[in-house]
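What follows is a short report on a single structure.
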Amino acid sequence: MLNNRKVIGFLPIRSGSKAIPLKNIKNFCGKPLAYWVLHALQHSKEIDVVYVALDCNEFASIVSSFNFSKVRIYNRDPKNATDEASTESVMLEFLNSEKFKDNDIFMLVQATSPFTKPIDIKNSVKTYMDSDCDSVLSCVRVKRFFWDESGHALNYNFFDRPLKQDFSGQFLENGALYINSVGNIKKEKNRLSGKIKIYEMPEYAGIELDEEGDWAIAEILMKKTLFDHKKKSPIRLVATDVDGVLTDSGMYYSQSGDELKKFNTRDGKAVELLRKLKIKTAIITSENTDIVSNRAKKLKVDYVFQGAKDKLRILKDISTKEGISLSQTAYIGDDLNDLEVLNNVGMALCPNDAVEKIKKIDGISVLNAKGGKGVLREFVEKFILK
């Protein structure tokens, strides 16, 4: 429970799909489709219990065969399993049949979004708990230029076409998850209400399996980006902050007032080793100095972003360009502006003298070296060359 509030996962599936018959139990990357989101919920410590609302014994048998300890079967009313029935109808049927507190947290998930991972469950619940919002929905950021049927550009000026990296894009609801309180849902009769907060997922998670063509594309993406449950994904991209990681966070000035930074030559060798292994490198820092540009150029770092306000979005853009998933990405950070990135990558690391909140991130590897003392080199030797 979170602050004495039960967190309930809810997955509605039915057997009457028309476009893809029995799609919720159709084989997807070696498992029934519903398995993937239930796997994410089962392995999320934030979730207390998961109910699968279904309409036939065959589906119940398949879901039970997963042997997920958190999962319970709920037999939905047939009238709420028709093509015309809304998802809200089965949600309300379920909530009115169970005794939950109004402030308990309800998370609606959908089987047609198999890219949902435990980290998404964790971070979306955190978004809900840490903000003053009433509900949360998942979206993907789409960097596409939209037009209406009358030939009017909707989200950009075609006389001043922005570069993709400078274009913030728009959010597209991807249907993966929705969070609200039990009381709000019963009162408003809707999965969303009040002040709504967006939880951003990777762009590839925008595919919903509603047509046969979607299915083929999604299986390719799943295998390419996420499908490796037996071993940890190999690291293909290493990104790092600068101050407090590649430097000691000290503020040095020459007699003429020029700012100086102290780097470690062993980290330079680490970049060279990564390059030989064909592992991409990136520097992402909120600072903006020629010193960093010159150092990165000398080391032949693949990507350098300074003045970064949204480090996670930058890292996602690099990942998309290189065809590398965040699960195959390592990031080294030391302070609060690295928190979001560290919570979303496959391997999170920090120097020994990072701030305490960073060192307490679930699953983070705290290195022995302090900032500026060969942090990157220790990482390469301990985790890449092992």
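Every number in this text was worked out from the coordinates using simple rules, so none of it is lab data. Because the structure is a prediction, the values reported are computed rather than measured. Cβ sites come from the backbone with ideal geometry, for glycine too, and all protein chains shown count toward neighbours.
Here are the numbers for the structure shown:
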read-out	value
For the stretch 237-384, size of Cβ-based charge dipole, Lys and Arg +1, Asp and Glu -1, in debye	600 debye
The stretch 76-192 - convex hull of alpha carbons, volume per residue in Å³	165 Å³
Sequence-distant aspartates and glutamates (8 or more away, or on other chains) whose Cα lies within less than 16 Å of residue 359	241, 334, 335, 338, 340
Long-range amide H partners of residue 370 with built H, under 5 Å	352
Bridge type composition, the stretch 7-226 - antiparallel percent by DSSP, nearest 5	40 percent
Residue among 16, 291, 56 farthest towards the positive dipole end of the chain, charges placed on Cβ	291
Principal-axis tilt of helix 33-42 within the chain, Cα atoms, nearest 10 degrees	60 degrees
Distance-filtered residues of the stretch 108-126 - backbone nitrogen under 19 Å, label point 7 angstrom along residue 198 Cα→Cβ	116, 120-121, 123-126
Alpha carbon convex hull of the chain, volume per residue in cubic angstrom	175 Å³
Relative contact order (%) - criterion: Cα under 8 Å, at least six apart; region: the stretch 7-226	24 percent
Sequence-separation-based contact order of the stretch 139-218, relative, with Cα cut under 8 Å and 6+ spacing, percent	36 percent
Cross-link pairs beyond the 27 Å C-alpha cut-off, checked among 262/311; 143/297; 143/280	143/297
Taking 156, 35 and counting other C-beta atoms within 10 Å, the order from fewest to most	156, 35
Loop sites in the stretch 40-88: trypsin sites (Lys or Arg not before Pro), DSSP, at most 12 other Cβ within 10 Å	45
Gain upon complete extension [residue 145, residue 265; 0.36 nm per residue less C-alpha separation]	38.8 nm
Computed over the stretch 7-226, the ratio Rg/Rh where both radii use C-alpha atoms and Rh is Kirkwood	0.99
Which listed pairs, of 269/298; 224/269; 261/300, have C-alpha distances above 21 Å, in listed order	224/269
Principal-axis tilt of helix 265-276 within the chain, Cα atoms, nearest 10 degrees	50 degrees
DSSP-defined antiparallel bridges as percent of all bridges, the stretch 237-384, nearest 5	10 percent
Charge dipole (the chain, unit charges on Cβ, about Cα centre) - positive-most of 157, 319, 95	319
Residues of type lysines that residue 189 reaches as a straight line, Cα spacing below 30 Å, ignoring anything fewer than 8 places off in the same chain	6, 18, 23, 45, 70, 79, 99, 101, 117, 122, 126, 197
The chain: angle of helix 311-322 to the longest principal axis, Cα-based, in degrees nearest 10	90 degrees
Within the chain: Cβ-based charge dipole about Cα centre, in debye rounded to nearest 20 (Lys, Arg +1; Asp, Glu -1)	1440 debye
Which of 29, 368, 305, positive extreme of dipole for the chain (C-beta unit charges)	368
Loop trypsin sites (Lys or Arg not before Pro), the stretch 168-229, which have at most 12 other Cβ atoms in a 10 Å radius of their Cβ (DSSP)	195
Additional length obtainable on full extension of the chain from residue 381 to residue 188, 0.36 nm per residue less Cα span	64.0 nm
Cβ crowding within 10 Å averaged over residues, with 271-281, 370-380 ranked highest first	370-380, 271-281
Percentage, to the nearest whole number, of Cα pairs in the stretch 149-249 over 17 Å apart	76 percent
Relative contact order %, the chain, counting alpha carbon pairs below 8 Å whose residues are six or more apart	13 percent
Proximal aspartates and glutamates to residue 223, defined as alpha-carbon separation beneath 12 angstrom and excluding residues fewer than eight positions away on the same chain	none
Length released on extending from residue 170 to residue 64, taking residue separation times 0.36 nm less the Cα-Cα span	34.3 nm
Sum of -39500 (n - 2.57) over DSSP H runs of 4+, divided by residues of the chain (222 nm, nearest 500)	-8000 deg cm²/dmol
Quotient of Cα Rg and 2.2 N^0.38 Å for the stretch 237-384, N being how many residues it contains	0.96
Nitroxide proxy distance, nm - points 7 Å out along Cα→Cβ at residue 19 and residue 92	2.6 nm
